[in-house]
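These notes concern the structure reproduced below.
Just so you know, all these numbers are worked out from the coordinates, no wet-lab data involved. Here the structure is a predicted model, which is why all the values come from computation and not from measurement. Counting neighbours? That spans all protein chains shown, and the Cβs are built from the backbone with ideal geometry, glycine included.
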Amino acid sequence: MKQSRAMSLAESLVNVAVGYGLAVVTQLLVFPLFGLHTTLAENMTIGAIFTAVSIGRSYCLRRIFEGLRVCREIKEAAEA
């Protein structure tokens with residue numbers, strides 16, 4: 001059974017929200033260990049930047065792997 005588009009969207013949104021929250025909390029805990037002191041607003045901005053980069057990375061890798069899958073199917077079809 002395939003996942004519906006609505007559920008895929010919901011999963012993606014929850015994944016991004018959890019990732020963003022985890023990034024901000026991690027920064028609040030880890031930055032002071034390295035002598036970095038930032039405000040909550042700065043941490044939230046940094047988290048947003050890394051979240052945007054992560055979304056872009058995930059999208060690019062997904063498209064690359066989809067391209068590899070399509071190439072493999074074309075190759076298999078040509079050999080058949």
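Say we look at segment 33-58 and pick out the residues that are of a type in the set (S, T, N, Q) and without any contact (Cβ under 8 Å) to a residue 24 or more places away in the chain; which of these is surrounded by the fewest Cβ atoms within 10 Å (Cβ to Cβ)? Checked segment 33-58; the qualifying residue surrounded by the fewest Cβ atoms within 10 Å (Cβ to Cβ) is 39.
Taking segment 11-27 as the range and being surrounded by 12 or more Cβ atoms within 10 Å (Cβ to Cβ) and either among the small types (Gly, Ala, Ser) or touching a residue at least 24 places away in the same chain (Cβ under 8 Å) (or both) as the test, the residues that pass are 12, 16, 19, 20, 21, 23.
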